[in-house]
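The values are calculated or read from the model by the stated rules, or taken from the named source; none is laboratory data. All values reported here derive from a predicted model rather than from experimental measurement. For neighbour counting, all protein chains shown are included, and Cβ atoms are generated from backbone atoms with ideal geometry for every residue, glycine included.
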Amino acid sequence: MKITHVLLASTLIWTLYSCAGIKSATPTPTERPLSALMTGSFSSSKQAQSDSTFYDITLHMYPIWMKQKGTWLYVEQAVTQNQDKPYRQRIYQLKQAADGTFESIVYRVKDQDDFIGKWKTPEFFDQFDESILEEREGCTVYLKKVGKEEYTGSTLDDNCKSTLRGATYATSTVTVKDGVIMSWDQGFDSDGKQVWGATKGGYIFEK
């Protein structure tokens, strides 16, 4: 169970709308504070030191496609001692919904080995477009602002499908605040029984 929830920790996490193309996205100034809080390098080392059921994971999230419209982040996660071999590479798109909530839409990256470590040089992505993306349908995290610098939310119902270890769907609960991202990913079978993911609570990533 420990290995499984490490490989699925913090999917920061996140998809309802289809990607209509980078150039067609509409930037919203109110996305910027959330993007700023999510930007940076984070680590769960402090949590791992106090609780051996959690691994020391490093999370990198940095803006890409800055010359294009929209808000996009490249995400890379790895066991801290093996950062050259990330177990997760994603691109998140942030959008503000009509009701004032924020959508964090998650995409897989095609040919992901070509992008390892490119959070250090975000301009590398400028030579690519949305054709490198594969949306994880149903896995958007819907975030609501609950404080001056705090957002919290989750995926919806059982929309995020998963087949890992007998699961039929997955859920993600996320909190983003100044200097901290908390993420709890869990997988459930058709009877609602948890079959993978952390059981005590989410991973705590500190900048």
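Summary table below
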| quantity | calculated |
| --- | --- |
| Top-ranked residue of segment 38-84 - restricted to ones that are within 22 Å of L133 (Cβ to Cβ) and among the charged types (D, E, K, R), ranked as surrounded by the fewest Cβ atoms within 10 Å (Cβ to Cβ) | K67 |
| Odd one out for K161 among (1) closer than 17 Å to E103 by Cβ; (2) in contact with a Ser or Thr (Cβ under 9 Å, 6 or more places away or on another chain) | (1) |
| Residue check, T11 modelled with pLDDT under 50, within 13 Å of the chain's Cα centre (by Cα) and closer than 23 Å to R136 by Cα | yes |
| Segments classed as strands (runs of 3 or more DSSP E), wholly inside segment 89-207, with at least 2 members that are under 26 Å from D51 (Cβ atoms) | 141-147, 150-154, 169-177, 180-188, 194-197, 203-206 |
| Scope segment 74-88; condition modelled with pLDDT of 95 or more and touching a helix residue (DSSP H, G or I) at 6+ places or on another chain (Cβ under 6 Å); matching residues | Y74, E76 |
